[in-house]
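No value in this document is a laboratory result; all are computed from the given coordinates. Because the structure is predicted, anything quoted here is derived from the model rather than measured. Every residue, glycine among them, receives a Cβ derived from its backbone with ideal geometry; neighbour counts consider all protein chains shown.
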Amino acid sequence: MSLNKIAIKEGMEDMEKIRQASTVVEAVLENFEKMRELCDAELKGVYLGISTIKNGRMALTFMDAGADFIICPGLIEQVAKVG
């Protein structure tokens, strides 16, 4: 059983996929989409978000991929306008 499934079964109600600065956005998006599928199929009611969103394009990309929330480092006007 994956660590994510164990955490949910033990009562965790939200998860955040942390994006490392050196990671390519496409690879993170692919991983995020797999996590979204897992949450939708097996972990109903879990909120899945993404962090380190630095511009409007990234915000739209992950919102379109099903992010329930996004986190950015500070107030970034481009990101704020997306929602």
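Scan segment 48-83 for residues that are closer than 15 Å to VAL25 by Cβ, under 8 Å from the mean Cα position of the chain (by Cα) and in contact (Cβ under 8 Å) with a residue 24 or more places away in the chain and report the count. Going through segment 48-83 one residue at a time, the tally reaches 4.
In segment 25-44, the residues that are farther than 14 Å from ASP64 by Cα form Cβ pairs under 7 Å with partners that are surrounded by 13 or more Cβ atoms within 10 Å (Cβ to Cβ) and β-branched (Val, Ile, Thr), at six or more places apart or across chains, as follows: CYS39/VAL46; LEU43/ILE8.
Residues that are outside any helix (DSSP H, G or I) and of a type in the set (A, V, I, L, M) were ranked within segment 34-69; the one that is surrounded by the most Cβ atoms within 10 Å (Cβ to Cβ) is ILE50.
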